[in-house]
Every structure is written in C-alpha cells, then in structure tokens.
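The structure appears below as structure tokens.
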Amino acid sequence: MAEESDSDEPLPSGSGEVNKDCSESELDGWSEVLNKWKANLQQRPKQLHTLVRKGVPDALRGEVWQLLAVSQDESGLMDTYRILVAKESSCEKMIKRDINRTFPGHDYFRNSDGQESLYRLCKAYSNFDAEIGYCQGLSFVAAALLLHMPEEQAFAVLVKIMHDYHLRSMFICGFEELYLRFYQLERLMEDQMPELSSHFQEIGVETHMFASQWFLTLFTAKFPLHVVFFILDIFLLDGIETLFKVALALLSLSKKELMVLDFEGVLKHFRVQLPKKYRTEENARFLLKTTNSIKVKKLGKYEKDYQALKEQSKQREDPIDRLSRENKRLAESNMRLEQENDDLAHELVTSKIQLRKDLDLAEDKADTLNKELLAARTSLIELEDEKRRLQDEVNQLKEICRRELERAEHEITRNSSIISDYKQICSQLSARLEKEQQESKASITKIIKTIKECERCCQLFKSEDINEVNGSEKDDENEFTKSENRRIRELELELARTKLALVEAECKNQNLFHHLNAAQAEVQASKNTWFNKTLTSIREVTKKELIKEKSNSIRRESN
Amino acid sequence: MSYAYLFKYIIIGDTGVGKSCLLLQFTDKRFQPVHDLTIGVEFGARMITIDGKQIKLQIWDTAGQEAFRSITRSYYRGAAGALLVYDITRRDTFNHLTTWLEDARQHSNSNMVIMLIGNKSDLESRREVKKEEGEAFAREHGLIFMETSAKTAANVEEAFINTAKEIYEKIQEGVFDINNEANGIKIGPQHSPTNTSLPLSGSGSSQGGGCC
C-alpha cells in the first residue's frame, strides 16, 4: 500500500499547453461566424453551437470566450478591475498562499509573471465580491482564463462566470447549492447509469467525494489543459448543466473500470487514472463528443425533490431538535465571535503593552537626553564664563600694549626733539666757529697787511717778532681750534648716543607692536577655533535636544 | 488485501499548514514542495501494523479554508481519528486551534481520538510556536501531541500510528462501538467482532482523547 509506483502520481493541475497553431480551413469557418457575431453581439450565430462543440481553436479562444460570456462590451468592468486591483484586500495573505499551488504543472504559473498576474486577478475579484472574497477553487478558473487573455478581460469573464453563469451561488450559504448539484448528479446517475450508481452505493462512494472539486473549479483542477479548455468552451456556451454533462461523460467513459473497483480503488481512480486518461488528444476529443451527446433532463424536478427532501427532514425533526440545532449553530457562531473578540482583545492588550514599553523606553531616553542637555547647558555656561575671562584678559593686554605704545611714541617724540635741539645747537656752533675763523683770518690778514705796510715793524717782525707774533698768534689760534674741535666731538658723541637711544626706543616700540599683534592674533584664533566650535556644537546639541523633547512631549500627548 | 480493522481519519487545520504533505509523506513516503491546492477533500490510504495486526487507515484530507468547514463537517462523523494540524512557523494557525477543536468535537462522535500536530518542525529558525505551548494546549484539551515534519518525514509515521494505537486501545477497553460504522471503525472481512481481548503491546501514552 505504502509503496506506490510513479505512475500512481496524480497529474499536477495545469498540465499541457496552449497551442496557438490553427489550420486554415478551421480559421475560415470561424472567421465567417465571428464576423456575423460581431455585427450583432446579442445574437449568437446559428453555426456557433456546432463549431464550439468541436472545440474552439486556441488562437481564437480568448476572443470567443469573451463573446460567449458577453463580457467584451463590459469596458466598465475592465475599468473597475483597474481600481480594484490597486485596492488592498483582506484576503491577500490567503491568496498568496494558494498561488503557487494553482496550475503548478504549467510553466507560466511556475514563474513570477504568471503568479503575480494570477494574484492580482484573484485579489481584484475578492474586492469585487465582498460576500465570497476569495474562495479556494476560484484561482484555478482564473488561471485557465489568464492563459487566453489579459488580466482585465479575464476579470470581466470571471465576473460573468461567477454571476451570470451562477458559479458563485455554489460558494455561498455554506455551499448549499453545491449539495443540490450533488443530489441532481446522483439522480442523473440513477437514471442514466443505474449499475454504477448502485455499485457506488454498495461500496459507499458518494458524489461529494469526487465531484466537489469538479464542480467548484469547473473541472479546471486536475485535468490536462486541453480538456479544461474544451469544458470551458461548452460551459460558456451552455451554462451550468455542462457540469452534469461532463461529470456523466467522465463516469460513463470510466464505467468499466469503476465497476470493478472497491471504495479506495474508485477514489484513487478519480484522483489519478481518470485525469491521466485524457492526456491524449484522441481521448479528450472522445470525452468532448460524449459530453455533447449526453442529455440532461429533469434538473428542475430533481431540484424540487431535493427541496422537498430537505423540508421533510426538517419536518421530521423534533422542533426541540431543530431549535437545539439552531441554538447550537448560534452558540457556535457566538463562540467563534467570542474567540475572535478574545483574539482581538489579546491583540489589543499586547499592542497596549508594546506601546507602554515603547513609551517607557522613549521616556527613559528623554530623561537621559534631558540630563545630557542639562550637562551641556552647564558646560556652555562654564565655557561662556571662560570666554568672558579670556576676553577681559585680552582687553587688559590690549590696554597694556596701548599704554606701552603711547609711552614709546612719547619717548620717540621727546628723543627726536632733543635730537633736533642738538642739531640746532650743533649748526649754531659750527656757524659761530666758521664766523670766528673767518673773523680771525680776516684780522690776521689785516694785521699782516698792516705790518707789511710798516717798514719798521716789518724789520722788527722780520727778525724775531714776526716769529714770536706769528708763533703766539698761531698758538692762540691753535688753542681755540682745538677746544672747538673737542666741543664738536663731544656734541657728535652725544648725537650718536641720542641716535642710539632713538634706535633702541624704536626697537622697543617695534617689539611691543609685535607683542600686541601676537596677542591680537591669539585672541582672534581663540575666538575662531575650539572655543567657537565648542560653542556651536553645544548650541546644536541643545537645539536637537529641544526638538526631541518637543516631539516626545507631542507623542505623549497624542498617546 | 485483508485487514483486522479499518480506521477512518480526517486531517484538519488551517490552510497551508501541510495537511496534504503529511498525508503524501505517510502514504507515499515522499515530499512534494510544489503540489496542488486541495479543493473539497482528498483521499489517501495505507496499511499499518499494530500489535501484530494489519490495520487499514483511510484518511480524508480536507480543505483548510474557513468557508470549506461546512463541507469538511460531513467527514467528521465517520472518523475514528483526527489529526489537527498547525504550522509551528505561523502563530495564527495555532490560535485557530480552539475553533477547529470546537468544530471537531461538535460534529464527531465523542470518542474520536484527536492528535494535535505541530508541523514544519524542520523550520526551526522560523518557529513562532514553542513546543511547550503545543504540549500545554494538548494537555489542556486532552489531545495527543507531536511535532512533525512532512518534509523530513520526522514523526510523520509516529503521528499516524500513535493515533491508531490510541484508537486500538479504546477498542480493547470497549469504549468504541465497533459495530457502528459511523464511528469510523470497521472490522476486517474475516475478523470476528467478539475477539477483543488481545493484549496491547507497548502502546504510547493514554491520555484519553475526546473525553470532554
């Protein structure tokens, strides 16, 4: 039992291909019908039924399906799609989980393009149909449509299938209508294949065991794609009774095998062999032919019977039982709602706790930041004090420099006045000296002249006096010149000393200037560098803290 | 193939927890990462041996979506064992256990053995539900509990077999009415229904499922 061979593996859904090749003659037949049809969309052309029952060529399927579903002129639906697909859906998670489990047998739905397209289509439908939202099974129908047309058009056809073709009524009210369909199928089997029907009864196989998947997905899950497309062709042509026709065709074509199988064998046959059997084109065509040949009658009668049966069982039921069942049902939904309520309350509490935690954390952070801010402020004050102190110092230094400069300038002016005085004295002295020299020269020449003029004197002078006079005069002259010269030298010396003092004073002055400049530069530098930087950074930090604090307080208020 | 007993099981739990993969691992001993979505119900069967007896397990694998519960419900009645599965990597599937359990208790026979399964135990790094939480839930509601991995096959065999042992034990104790097929138990074609005094060898814990 445990070891199943590979051939026992069921066929994955979506197995097969879309074959866009189409023979010329086939196309010719269709083009005539399509032209007629497009001229009057409301009226299906006569030849259409025969053509569709042979199977629509893949190349034309997208168009023909839309025409059959009368979805082509539904541009409103396509616009709706664009709006709905952009909306969020409460079913998103659920849909996502099912996407890679839909048509895993087809390449397009194994890669992200196809999966995303299918996801969007299912999501848009879930937004369109609030009552159903997303129901498992829909994704298969949607995927089959997407293999033949773009999303918007597939959406319009899907909406038509669900509403106009009444597929959606099987999904609602706890699948009530699905059970009616099972009953109708059972009755049809009794009518048309009584042996198989009694065999199933004998071994305990009930219709819902194999047909729920068939009906809810319109046979799109499990079967090879060409069969899926044949079935959709006829479904879109004839509507819901196609489900019975196909089901009966499948059962009658497998009747021989099913008759000899037990419970497990039958179920396995439905799961594995039956879908695989139609992988060949030939068998698929035969299935199509058989489906077309099956007549489905008395569906209305069976429906009435089903309602009557339901009513009977209701009547048979003790009113107390009915009420208790009703009560049970209500209690059940009550319980579910309570559970939901509990879950929500739990969620609320957890999120509250989380928020409280977050708030605490934020408050802690605000505290530490406040502390930091305070520290920054004190350090700012300290630094400002320091700055003030330094500035005072700088001012003092400036004052000192200024005073020193003044003093130096004063000295310079005094020195220069002294120098000029000396210069004046020197010039006066040299002028007097010159004058006196000239005067003495002149008097000497006068004396010499007078002597020369006097012969006696001349004689006298000639002998000794001249020498004497000459000598004494010369001595006098020499004496005077010497003292003048000494004086000049002294004055010159003093001048040199004064100059030296001036130079020294200038040097000192210059030095003081340097000091002053350096001090000023230092002050400037200290202003520009660390001090300013510290100040700016402190200011920034303070600003940030203030903003944070503000936002925190706002948050606290909003909470 | 003859068997001493036939037990019917039902596998329930939220969508995507790995119900179909558990069934496939048990019946076919393989794991299929990409597989078809279950619509309605699927069916699987396998023979096991307990206490030297051939026991046939027929297992209904159900669709997990909430909407399908009305379909699933019709399968509870004929089941002797239920595997209630959640995904250890998704907390919400664990949170929904209570509603699943309510549903199961309401629509099944009171003796149905329920095995709670925390599946996907191979995904330890993504675990959201602790093993202890599963154990506590099982204890509280009188269920058997196991963590399994349909991917690595860890505990899968045991989960199905321990459930069968529990059912077998209950039969021995005379709790199950084995003549009523609605209980999900059938006696094999050649088996005498009165032969119930067999000793039970090394069966697992007996916390008595479905007692409340």
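The values are calculated or read from the model by the stated rules, or taken from the named source; none is laboratory data. What you are looking at is a predicted structure, and each value in this text was computed from that prediction instead of being measured. Ideal geometry is used to build each Cβ from the backbone, glycine not excepted, and the neighbour counts take in all protein chains shown. We work out accessible area using only protein heavy atoms, side chains counted, and drop any ligands, DNA or RNA first. Shrake-Rupley method; radii C 1.70, N 1.55, O 1.52, S 1.80 Å.
When accessible surface is computed with a 1.4 Å probe, chains B and A are found to bury approximately 3600 Å² between them, both chains counted.
Provide the packing ranking of A:168-176, A:337-345, i.e. peptides ordered by the mean count of other C-beta atoms within 10 Å per residue, highest first.
Those peptides, ordered most packed to least, come out A:168-176, A:337-345.
Solvent exposure of region B:5-187 amounts to 32 Å² per residue of accessible area, where only protein heavy atoms count and the probe is 1.4 Å. Looking at the protein assembly as shown, the DSSP beta bridges with both ends there are about 35 percent antiparallel. Mean partner shielding of peptide B:61-71, defined as the number of other chain Cβ atoms within 10 Å of each residue Cβ, is 5.
As a fraction of the 1.4 Å probe accessible area of region A:165-316, surface on carbon and sulfur atoms comes out at 52 percent. For region A:75-232, the per residue solvent-accessible surface stands at 34 Å², with DNA, RNA and ligands left out and a 1.4 Å probe.
About the centre of its Cα atoms, region A:138-280 shows a dipole size close to 500 debye [charges on the beta carbon of Lys, Arg (+1) and Asp, Glu (-1) only; nearest 20 debye]. Distance from the C-alpha centroid of region A:355-383 to that of region B:81-108: 50 Å, rounded to the whole angstrom. Taking amide H as placed 1.01 Å from N in the peptide plane, residue B:82 has its amide H under 5 Å from the amide H of B:10, B:113, B:114, B:115, each at least 5 places away in sequence or on another chain.
Residues of region A:332-360 that bury at least 10 Å² of accessible area when the other protein chains are present, relative to the chain alone (probe 1.4 Å, heavy atoms, ligands and nucleic acids excluded): A:332, A:335, A:336, A:339, A:343.
Using the crude model of +1 on Lys and Arg Cβ and -1 on Asp and Glu Cβ, and no other charge, please compute the dipole size for chain A relative to its Cα centre, in debye to 20.
1120
When the helices of the protein assembly as shown are scored as -39500 (n - 2.57) per DSSP H run of n ≥ 4 and the total is divided over every residue, the value at 222 nm lands at -22000 deg cm²/dmol. The accessible-area loss of region A:106-142 on complex formation, taken against its chain alone with a 1.4 Å probe, reaches 40 Å² or more at A:136.
Overall, the accessible surface of chain B at a probe of 1.4 angstrom is composed of carbon and sulfur to the extent of 48 percent.
Since only B:34, A:50, A:412 are under comparison, the one whose Cα sits farthest along the positive direction of the charge dipole of the protein assembly as shown, derived from C-beta charges on Lys, Arg, Asp and Glu, is A:50.
Look at the stretch A:93-105: the mean tally of other chain Cβ atoms within 10 Å of its residues' Cβ atoms is 4. Between residue B:41 and A:213, the built amide H atoms are under 5 Å apart, and every one of these is 5 or more places off in sequence or on another chain. Of the peptides A:326-336, A:290-300, B:163-173, A:215-225, the order by per-residue mean of other Cβ atoms within 10 Å, starting with the highest, comes out as A:215-225, B:163-173, A:290-300, A:326-336.
Let me know the mean shielding of B:42-50 by other chains, meaning the per-residue number of their Cβ atoms within 10 Å of its Cβ.
Numbers: counts 5, 9, 6, 7, 4, 2, 2, 0, 0.
If you average over the peptide's residues, the count of other-chain Cβ atoms is 4.
Between B:93, B:10, B:71, the Cα set farthest toward the positive side of the dipole of region B:1-101 (charges on each charged residue's Cβ, about the Cα centre) is that of B:10.
The long axis of helix A:112-128 is offset from the longest Cα principal axis of chain A by roughly 70 degrees.
Taking the Cα centre of region A:348-387 as origin, sum charge times position over the Cβ atoms of Lys and Arg (+1) and Asp and Glu (-1), and report the length of that vector in debye to the nearest 20. The calculation lands at about 380 debye. Using a Cα-Cα cut-off of under 14 Å, which aspartates and glutamates could be cross-linked to residue A:298, ignoring same-chain neighbours fewer than 8 residues away? Those aspartates and glutamates meeting the cut-off are A:186, A:190, A:191, A:241.
Hey, what angle do you get for helix A:299-316 against the long axis of chain A, alpha-carbon based, 0 to 90 degrees rounded to 10? Between the helix axis and the principal axis of chain A, the angle is about 90 degrees. Using the alpha-carbon atoms, what tilt in degrees (0 to 90, nearest 10) does helix A:194-203 show relative to the longest principal axis of chain A? Roughly 60 degrees, rounded to the nearest 10. Taking the dipole about the Cα centre of region A:165-316, with the C-beta of Lys and Arg at +1 and of Asp and Glu at -1, give me whichever of A:169, A:229, A:254 is farthest to the positive side. The listed residue farthest towards the positive side: A:229.
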